[in-house]
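Presented below is the structure to which this report refers.
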Amino acid sequence: MEARIIPQRIEHRIEPEQCGSERHAHAKHTTVSGAAVRPLPARARGRGAPKALAGVTFAAKQLLSAERTPASSGAPDPKLIGDLVAANRILADQGILDAFGHVSARDNTDPNRYLLARHLAAALVTAADIMEFDLDSNPIDAQGRSLYLERFIHGEIYKARPDVNAVVHSHSPSVIPFSLSKVPLQPAFHMAAFVVEGVPVFDPARDAGIHRVLVSSTEAGRALAQTLGKKPAALIRGHGTAVVGTSLPMVVGRSIYLEQSARIQAQAMALGGEVTYIDQEAAHKAAGNEYETGWELWTRKVTGK
């Protein structure tokens with residue numbers, strides 16, 4: 001049958017293309033105000049119908065794009081973009097991120113926006129790959145680029161934590177065993193003294209009834225943010241970590257030294273006998289380390305500047 005355009009709401013549902021990434025044009029469960037089709041009467045059928053159908057498709061696509069794309073708040077700070085590119089490169093160089101994992105920064109010109117690369121290995125990220133998102137993790141200008149499925153980790157933490165300006169999600173290998181064990185992470189290394197503030201474990205099935213390995217929805221991201229609370233980091237059962245900080249230097253330093261501290265703790269426990277960790281009061285005093293000296297060294301190493 002031919003078609004006539006009538007105004008009403010339609011449902012547009014397409015599943016993600018691949019594990020770990022999602023093309024914006026293939027977003028899940030999107031509802032838009034658009035055009036539905038109804039059979040044309042026989043007298044209206046003719047050679048012009050294919051053009052009418054093409055018009056329906058184009059109109060629906062335009063409405064979909066217009067309703068789902070939030071307005072930009074202006075060009076992000078170029079220095080912040082440069083620092084975010086450096087953070088990606090540093091975390092790859094230090095073995096915290098590989099082909100997977102990501103780091104973001106809250107937009108310093110609009111706290112309701114954050115910056116994150118398109119779906120890409122951290123070592124390959126350039127300034128052209130940095131995208132802007134709202135706190136619902138919708139891209140501001142996707143341009144058909146693939147998105148990280150787990151970007152909701154970032155958006156939901158920024159919603160819940162106004163004090164957080166940078167987030168890292170990694171699959172830090174020395175840390176993951178502590179997400180599986182009842183043994184908690186302890187302040188075993190002064191460079192990761194922030195561990196004294198607590199590192200809770202998020203279990204999607206236990207904490208949110210979500211039986212997926214990826215934190216790939218608003219619901220899962222919100223549940224993770226609730227488990228994180230006011231802590232500096234959270235483990236994700238059998239998966240990895242979410243680490244937060246007030247700045248990119250802080251979150252990068254925390255991610256690097258959390259991996260090292262977990263390895264040191266495991267080595268100390270393997271020696272047998274009683275393990276005595278850093279004094280709690282001393283650890284709390286050192287927990288706010290901004291890692292500025294480390295940032296200068298790491299940045300110079302990966303950028304040559």
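Bear in mind that the values in this text are calculations on the coordinates, not laboratory data. The structure displayed is predicted, hence computed values, not measured ones. Using ideal geometry, Cβ is built from the backbone for each residue, glycine included, and neighbour counts are taken over all protein chains shown.
The aspartates and glutamates within cross-link reach of residue 301, meaning a Cα-to-Cα straight distance under 15 Å and a gap of 8 or more places when in the same chain, are 83, 93, 292.
Report relative contact order for region 183-305 in percent, whole number only (criteria: Cα-Cα under 8 Å, sequence separation at least 6). Don't skip to the answer; put the middle values down first.
Values: 144 pairs, mean separation 41.7, N = 123.
Normalised by residue count, the contact order of region 183-305 is 34 percent.
Peptides 112-120, 204-212, 261-269, 76-84 ranked from most to least packed by the mean count of surrounding Cβ atoms within 10 Å: 112-120, 261-269, 76-84, 204-212.
By the rule of a C-alpha distance below 16 Å, with chain neighbours fewer than 8 residues away ignored, the aspartates and glutamates paired with residue 230 are 156, 163, 197.
Expressed in units of 2.2 N^0.38 Å, where N is the residue count, the Cα radius of gyration of region 78-303 is 0.97. Karplus-derived 3J(HN,Hα) values for region 85-100, using 6.51 cos²θ - 1.76 cosθ + 1.60 with θ = phi - 60°, are 4, 4, 4, 4, 5, 5, 5, 5, 4, 8, x, 7, 10, 10, 6, 10 Hz; glycine and proline are entered as x. The ellipsoid equivalent to the alpha-carbon distribution of region 61-161 has semi-axes of 22, 15, 13 angstrom, derived from the gyration tensor eigenvalues as √(5λ) and listed largest first.
For residue 21, nonlocal amide neighbours, meaning residues 5 or more places apart or on other chains whose placed amide H falls under 5 Å from its own, are 149. Going from the residue with the fewest nearby Cβ atoms within 10 Å to the one with the most, 146, 137 rank 146, 137. Just to confirm the filter: which GluC sites (Glu not before Pro) across region 176-276 are DSSP coil and have at most 10 other Cβ within 10 angstrom of their Cβ? Filter output for region 176-276: 274.
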